[in-house]
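A.B. asks: One structure, pasted below without further comment.
The values are calculated or read from the model by the stated rules, or taken from the named source; none is laboratory data. Because the structure is predicted, anything quoted here is derived from the model rather than measured. Heads up, the Cβs are rebuilt from the backbone with ideal geometry, glycines too, and the neighbour counts pull from every protein chain shown.
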Amino acid sequence: QVQLVEYGGGLVQAGGSLRLSCAASGGTFTSYAMGWFRQAPGKEREFVATISWSGVSTYYADSVKGRFTISRDNGKKTVYLEMITLKPEDTAVYYCAAGAGIMTVAKSDYNYWGQGTQVTVSS
């Protein structure tokens, strides 16, 4: 069983930046690909970024490519999402997730989820 806790959300002006962290406990962190998803009010939870267990491979949604960077520190059992040039449409609850397999964009392939952290971007 893996527990995930996200940190770092908040209120930021458009054009600003934030770094989200997700700390894992339990399980073997390097057994999991990690992902970030987000859910805006009234919308489906959507894929943002994913990273392989080693951190070598990453993949991003088109809407965040070039602005967001996912990374992980296996020694600290933490995954990060660095977000720059934030836009009001990035406003959402951001969730990290762990999947026991290769990195994937599908929510159903992730086994464990954090509770989410709110990111609000004002215009």
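A.B. asks: Out of region 99-123, which residues are over 20 Å from residue 64 (Cα atoms) and surrounded by fewer than 16 Cβ atoms within 10 Å (Cβ to Cβ)?
C.D. replies: 100, 101, 102, 108, 111, 115 - these are the residues of region 99-123 that are over 20 Å from residue 64 (Cα atoms) and surrounded by fewer than 16 Cβ atoms within 10 Å (Cβ to Cβ).
A.B. asks: Next up: Out of (1) at positive phi; (2) surrounded by 14 or more Cβ atoms within 10 Å (Cβ to Cβ), the odd one out for residue 16 is which?
C.D. replies: For residue 16, the exception is condition (1).
A.B. asks: Being polar (S, T, N, Q), in a loop (DSSP other than H, G, I, E, B) and in contact with a Ser or Thr (Cβ under 6 Å, 6 or more places away or on another chain) is the filter here; which residues of region 60-88 pass it?
C.D. replies: 74
A.B. asks: Starting from residues that are hydrophobic (A, V, I, L, M, F, W, C) and in a strand (DSSP E or B), keep the ones in region 30-50 and report whichever is surrounded by the most Cβ atoms within 10 Å (Cβ to Cβ).
C.D. replies: Checked region 30-50; the qualifying residue surrounded by the most Cβ atoms within 10 Å (Cβ to Cβ) is 34.
A.B. asks: Now for a different question. Looking only at region 51-98, which residues are farther than 17 Å from residue 21 by Cβ, surrounded by fewer than 18 Cβ atoms within 10 Å (Cβ to Cβ) and of a type outside the set (D, E, K, R)?
C.D. replies: Correct list: 52, 54, 56, 57, 59, 61, 63, 66, 85, 88.
A.B. asks: Consider only pairs whose beta carbons are under 6 Å apart and that are at least six residues apart or on different chains; among these, list those whose first residue lies in region 95-121 and is β-branched (Val, Ile, Thr) and whose second residue is surrounded by fewer than 15 Cβ atoms within 10 Å (Cβ to Cβ) and in a helix (DSSP H, G or I).
C.D. replies: Final answer for the pair search is 121/88.
A.B. asks: Among the candidates 66, 27, single out the residue that is on the phi > 0 side of the Ramachandran plot, more than 12 Å from the chain's Cα centre (by Cα) and at pLDDT 95 or above.
C.D. replies: Selected residue: 66, the only one of 66, 27 that is on the phi > 0 side of the Ramachandran plot, more than 12 Å from the chain's Cα centre (by Cα) and at pLDDT 95 or above.
A.B. asks: Given the residues 17, 54, 31, 25, which is the only one that is among the small types (Gly, Ala, Ser), within 25 Å of residue 108 (Cβ to Cβ) and in contact (Cβ under 8 Å) with a residue 60 or more places away in the chain?
C.D. replies: After ruling out the rest, the residue left standing is 31.
A.B. asks: Given the criteria in contact (Cβ under 8 Å) with a residue 24 or more places away in the chain and of a type outside the set (Gly, Ala, Ser), does residue 60 qualify?
C.D. replies: no
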